[in-house]
1. Note the full-extension length gain between residue 91 and residue 74 as 0.36 nm times their separation in residues minus their Cα-Cα distance, in nm to one decimal.
2. Given (i) 0.95; (ii) 1.32; (iii) 1.02 as candidate values of Rg/Rh (Cα atoms, Kirkwood Rh), which corresponds to the one derived from the coordinates?
3. What is the distance in Å between the Cα centres of the range 16-60 and the range 126-157?
4. Provide 73, 100, 20, 47 in ascending order of the number of other Cβ atoms located within 10 Å of each residue's Cβ, fewest first.
5. Calculate the spin-label point distance for residue 10 paired with residue 139, positioning each point 7 Å from the Cα along the beta-carbon direction, and give it in nanometres.
6. Given only helices, namely DSSP H runs of n ≥ 4 each adding -39500 (n - 2.57), what is the per-residue ellipticity at 222 nm of the chain, to the nearest 500 deg cm²/dmol?
């Protein structure tokens with residue numbers, strides 16, 4: 001029997017070390033100096049959104065706050081700008097996790113786009129409160145690019161959970 005879209009596969013639980021390593025890898029990707037090139041996604045926000053949607057009991061606002069403080073130090077931005085935005089992002093993603101995961105990946109990407117745009121609006125508000133100029137509407141293009149990465153990122157980060165722990169050919173699932 002061929003698997004259909006309505007059949008869902010039961011996943012293994014995500015390992016804590018894998019979650020932490022993907023968040024650290026996203027932090028390292030954000031440290032790559034691209035300059036002010038528009039369209040480079042905020043990898044930490046994207047991976048944080050993924051784990052808050054898929055594992056809301058393991059990754060939440062505390063992880064968002066700590067990662068946000070790291071990003072504030074790395075970017076030399078207004079202290080608390082990323083932390084505030086990531087806490088909002090983690091709260092909203094964890095709150096919507098049960099709803100968003102029922103949709104197909106393309107519609108999930110639209111939800112993620114709205115979450116990332118909200119996160120960028122909070123960061124923009126914090127920056128402008130600190131005296132920065134408006135960066136232009138091209139700054140929001142990175143959320144669109146990040147939403148386009150949602151499809152491959154989902155398969156990449158869920159791949160370790162698809163592997164069975166043991167082979168049992170008599171088990172129906």
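Just so you know, all these numbers are worked out from the coordinates, no wet-lab data involved. Since this is a predicted model, take the numbers as computed values, not measurements. Cβ: placed from backbone, ideal geometry, glycine included. Neighbour counts: every protein chain shown.
1. My answer for the length gained is 3.8 nm.
2. (iii)
3. 12 Å
4. If I rank by nearby Cβ atoms, fewest first, I get 73, 20, 100, 47.
5. So the label points at residue 139 and residue 10 sit 4.8 nm apart.
6. -20500 deg cm²/dmol
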